[in-house]
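The values are calculated or read from the model by the stated rules, or taken from the named source; none is laboratory data. On a predicted model such as this, the values are computed, not experimentally measured, just so you know. Cβ placement follows ideal geometry from the backbone for every residue including glycine, while neighbour counts extend to all protein chains displayed. The protein model used for the area step is the full one, side chains on, heavy atoms only, and it has no ligands, DNA or RNA in it. Shrake-Rupley method; radii C 1.70, N 1.55, O 1.52, S 1.80 Å.
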Amino acid sequence: MKIKLKLIFNILRKVGFLLYVALVVTLVYRAYFLRARVTLELMIPAEELNLPVFVNHFPNDLNRMVVVEKAGIIKWFYANSTQAEGTVLDLEKTVYSAGWEEGLFTIIFDPNFKENRYYYVFYSLGKPLRSRISRFTLNPDYSTDLDSELKILEIKKVAEGHNGGSMEFGPDNYLYASIGFGSFRMSEWDFLQNRTTLYGSIIRIDVSNSTPDQPYTIPPDNPFVGSKDGSRGEIWAYGLRNAWRVSF
């Protein structure tokens, strides 16, 4: 009886091993032969980029691209360039990028860019810590004069990290921007449900007629416009710790 049990055990062990081998072979086959066929190409192989965090293209011109570097530089290049053709914006002396999540994050173009040459950036500042959304005007040679900056909005921060930093123009031509809750501290998590601040929100503002005295207005159909509880009218959505990228 013991001999028969031992024989059965050995058979089961061999069968189990064969099943294990079959499983491994199947997984390897699926991983290799059924994998998504994706290839990567260096966009600008002769250009050394310093922590690129965002890529965009000029309006109605897919052949001309811009790359945002965290340290505060925005470069432009053609789709078939081997290196950058020039610098759109150099804010390296202004941007605070020493922190792990601090720096220059985004560039987007005005809906009427062809007429006004406006574009918008989102970046970090230090001493004191804060985030800033600004508008600049692009020169015909694709450079930017720093004195063309129009400051749209600044948000003070209590600590480094969680800036948000994404922006898009919606189909309604309003500017949407993600504002992080501005900290890593758990004690500040209540910011995310506090609509009296912009922390942890997506804001929706009108920048179509910006001036130094009134850099933006609040669309009248924003959800908290006219609220009696102190909610900020700029808020479109809230409770978002760090919406790093948004899109339509």
Report task. For the range 106-121, state whether one or more residues are open to solvent by 10 Å² or more (accessible area, probe 1.4 Å), free of Cβ contacts under 8 Å to residues at least 60 places away in the same chain and under 15 Å from Val53 (Cα atoms). Result -> no
Requested in this report: Within the range 40-64, track down each residue that is in contact (Cβ under 8 Å) with a residue 40 or more places away in the chain and either part of a loop (DSSP other than H, G, I, E, B) or open to solvent by 60 Å² or more (accessible area, probe 1.4 Å) (or both).
Outcome: Ile44, Leu51, Pro59, Asn60
Report summary line: Among the residues of the range 142-161, the number that are at pLDDT 95 or above and open to solvent by 70 Å² or more (accessible area, probe 1.4 Å) is 5
